[in-house]
Number of protein chains: 2
Amino acid sequence: MTKKPRILVTNDDGIYSRGILALYTAMQQLGDVYVVAPDSEKSAVGHAITLSDPLRVITVERQGEHFGWGVNGTPADCVKIGVKAILEFKPDLIVSGINQGSNTATNVIYSGTVSAATEGAIMGIPSIAFSLTSFTHRDFSLSADIATLMAKKVLQNGLPPDVLLSVNIPPISREELKGIRITRMGKGRYEEAFEKRVDPANRTYYWLSGTKLLLDSDDDIDEVAITHNYVSVTPLQFDLTEQSMISRLKDWQLSLK
Amino acid sequence: MTKKPRILVTNDDGIYSRGILALYTAMQQLGDVYVVAPDSEKSAVGHAITLSDPLRVITVERQGEHFGWGVNGTPADCVKIGVKAILEFKPDLIVSGINQGSNTATNVIYSGTVSAATEGAIMGIPSIAFSLTSFTHRDFSLSADIATLMAKKVLQNGLPPDVLLSVNIPPISREELKGIRITRMGKGRYEEAFEKRVDPANRTYYWLSGTKLLLDSDDDIDEVAITHNYVSVTPLQFDLTEQSMISRLKDWQLSLK
């Protein structure tokens, strides 16, 4: 019999969130599970890492048992310190989530959940990010089933170097689910607005708010799949070079002379 | 005569840094300059945005004059709040930097400097990130010349939608410079290590450190250009989809049934 896979679980809603507990429980069917996650909520931290502050690690219990390690850092920090200093071995799989809130379209670049999986891919470890596309839906059962399926498939098939998966799950029941669609990142973003307020000490401050703006509507984009009650599975990479611009820039004849 | 271009300047080393002053001074030759930058250093914040805390804006003087606006947020926050709430107009160009330290190879994804330019591109504004590839070199004169040249070229030629430029400048003199090379993002990353220490109260903490690992060495990558005394100009975009994986994933026959 083959060895049980070792699975590192993290997220950006923090080690005490509902979503990470759901993911932990799902992964326990598949292998030995290790949780290393932020000790508090770290949404929209993007691909941040902590350079100027020391990182501290605490052990965390949930439901009366050892659950994992809490870190005063970002999701990307958790993957780095998890692999390099806490586990001191390379896990077979890294899963991040289950995030509450979608990670689709251009907003993927702000995602702490996805950044943890990206960090895993950079380290050469197959990695998947999971997001339930609702802030309020509290039923993680469909998300857990999808996480189990995707983790199994990735453990079987592997992933090419430098490729990770981002999986978004609509807030619906298994009966309502139409299927699983392979998608690309849509072009969409928030049209930001800043709400100006005055605090009790008469100082001005601003809250960021915004409305979602979807700039394309093809069937094969993440956001559209979700709207049509499909799970979206988007393969991602992290070489940001815009190849088509390279020859155009050469025509600019750049020189200080 | 055409209208003077309006240029927004930001960075991630903070509004009091040397690099932003050098960039501000260079841009003043080209147009009307507006500075909106973090009120403290924000390195390696990646593409973070601030959702859970209010943003505050202060006005900052340097050299006895109004210099710009300081924000208690990330570089991406500064671009958003700069355009939407402080300036309330769309600048013709956004420049970010001059960062102290390189933003090359895979480390680009951790860069606050680049994230500010990415945010500009998302908002449909031509944007450039500038980095001087040294933490200690204090002479910004070559960097300023390059920034002036690149800003001029981008104001003349524009940039396609969703494309930004990341420019890295080696810490050398103009005489030593071999030229300007159009490059792609190299494959390279830090091989992390965590140094474990014990604080005076006997609690463990960790510092992230690491050594740079370059995984390719072609002449057309950013990191190699710098090593050979070239300025590197890398066109970037922010659709992370790995297209080649889409058909392979379709063969996985994903289904819950």
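Table for the structure above
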read-out: Of A:F194, A:F140, A:F238, the one that fluctuates the most in a GNM where chain A has Cα springs shorter than 10 Å; value: A:F194
read-out: Ratio Rg/Rh [Cα only; Rh per Kirkwood] for the range A:68-135; value: 0.98
read-out: Under 21 Å from the Cα of B:K80 - lysines, other chains or at least 8 residues apart; value: A:K42, A:K187, A:K196, A:K212, B:K42, B:K90
read-out: At 7 Å out from Cα toward Cβ: A:L215 inter-copy label distances (nm, ascending); value: 2.9
read-out: Phi to ³J(HN,Hα) by Karplus 6.51 cos²θ - 1.76 cosθ + 1.60 over the range B:64-72, Hz, x for Gly, Pro; value: x, 10, 4, 10, x, 10, x, 10, 7
read-out: Label point 7 Å beyond Cα along the C-beta direction, distances from B:D139 to other copies (nm, shortest first); value: 6.8
read-out: Computed over chain A: relative contact order in percent, which uses C-alpha pairs under 8 Å that are six or more apart; value: 17 percent
read-out: The range A:1-61 versus the range B:52-111: alpha-carbon centroid distance in Å; value: 32 Å
read-out: Computed [θ] at 222 nm, deg cm²/dmol, chain A (DSSP H ≥ 4; -39,500 (n - 2.57); rounded to nearest 500); value: -6500 deg cm²/dmol
read-out: Cut-off 11 Å between beta-carbons: net charge of the residues surrounding B:I221, Lys and Arg +1, Asp and Glu -1; value: -4
read-out: For the axis carrying chain B to chain A: nearest C-beta residue of B, whole Å; value: B:G46, 2
read-out: Fraction of antiparallel bridges per DSSP, the range A:1-148 only, in percent to nearest 5; value: 25 percent
read-out: Environment charge at A:I15 (Cβ cut-off 15 Å; Lys +1, Arg +1, Asp -1, Glu -1); value: -3
read-out: Of all DSSP beta bridges in the range B:1-86, antiparallel share, percent nearest 5; value: 45 percent
read-out: Considering only the protein assembly as shown, percent of DSSP beta bridges that pair antiparallel, nearest 5; value: 50 percent
read-out: Pairwise label distance in nanometres, B:N157 with B:H137, each label 7 Å out on the Cα-Cβ vector; value: 2.3 nm
read-out: Ascending list, in nanometres, of distances separating the A:W252 label from those of the other copies (7 Å, Cα toward Cβ); value: 3.8
read-out: Built amide H within the under 5 Å cut-off of B:R184, gap 5+; value: B:I221, B:D222
read-out: Under-5 Å amide H pairs with B:L93, H placed in peptide plane, nonlocal only; value: B:R6, B:L8
read-out: C-alpha center-to-center spacing [the range B:215-235, the range A:142-175] in angstrom; value: 37 Å
read-out: Relative contact order of the range A:152-257, pairs being alpha-carbon contacts under 8 Å that are 6 or more residues apart, as %; value: 36 percent
read-out: Net length gained if the chain between B:T25 and B:D218 were fully extended (0.36 nm per residue, minus Cα distance); value: 66.0 nm
read-out: Table column - 3J(HN,Hα) (Hz), the range B:125-140, Karplus curve with 6.51, -1.76, 1.60, x for Gly and Pro; value: 10, x, 9, 9, 9, 10, 9, 8, 7, 7, 7, 10, 4, 10, 9, 8
read-out: Scattering profile of the range B:1-93 at q = 0.11, 0.17, 0.20 Å⁻¹ [log10 I(q)/I(0), Debye over alpha-carbon scatterers]; value: -0.29, -0.68, -0.93
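Here, each number is a calculation from the coordinates, and none is a lab measurement. What you see is a predicted model, and the numbers here were worked out from it, not measured in a lab. Positions of Cβ are generated from backbone atoms using ideal geometry, with glycine treated the same way; all protein chains shown enter the neighbour counts.
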